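Here is the structure we will look at, set down as structure tokens.
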Amino acid sequence: MHNNLLAEMARKSVTVSDLAKILKCSDRTVKNKIAGITPFTYKEATTIRNTFFKKLDTEYLFETDS
């Protein structure tokens, strides 16, 4: 689970649909990626970071909980 990403999304009012739109995929796909069911690609992670969270480290945003 990508809890840091979820927290930052809530702080900035970024929705799953917003991520799906920039990644050109479905909301379900984004939910699966956030839940850790399927991984984010490097390109997807950098696209999300550069679009919505420019001041945050990619490593922080996509840190997973064990």
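The values are calculated or read from the model by the stated rules, or taken from the named source; none is laboratory data. As the structure is a computational prediction, the values presented were derived from the model and not from experiment. Glycine gets a Cβ as well: all are built from the backbone with ideal geometry, and neighbour counts include every protein chain shown. With ligands, DNA and RNA removed, areas are computed over all heavy atoms of the protein, side chains included. Shrake-Rupley method; radii C 1.70, N 1.55, O 1.52, S 1.80 Å.
Couple of notes before you dig in:
- Counting only protein heavy atoms and using a 1.4 Å probe, the accessible area of Asp65 comes to about 80 Å².
- Top positive-direction residue, dipole computed over the chain with Cβ charges, set Met1, Ile37, Phe52: Phe52
- A 1.4 Å probe over all protein chains sorts Ile37, Ile22, Ile48 by accessible area into Ile37, Ile22, Ile48, starting with the largest.
- Size of electric dipole in the chain: Cβ of Lys, Arg +1 and of Asp, Glu -1, about Cα centre, debye, nearest 20: 300 debye
- Among [x] 15, 14, 12; [y] 22, 13, 8; [z] 19, 14, 12, the entry that matches semi-axes √(5λ) of the Cα gyration tensor in Å as calculated here: [x]
- Apolar share of the accessible surface for the chain: 52 percent from carbon plus sulfur atoms, 1.4 Å probe.
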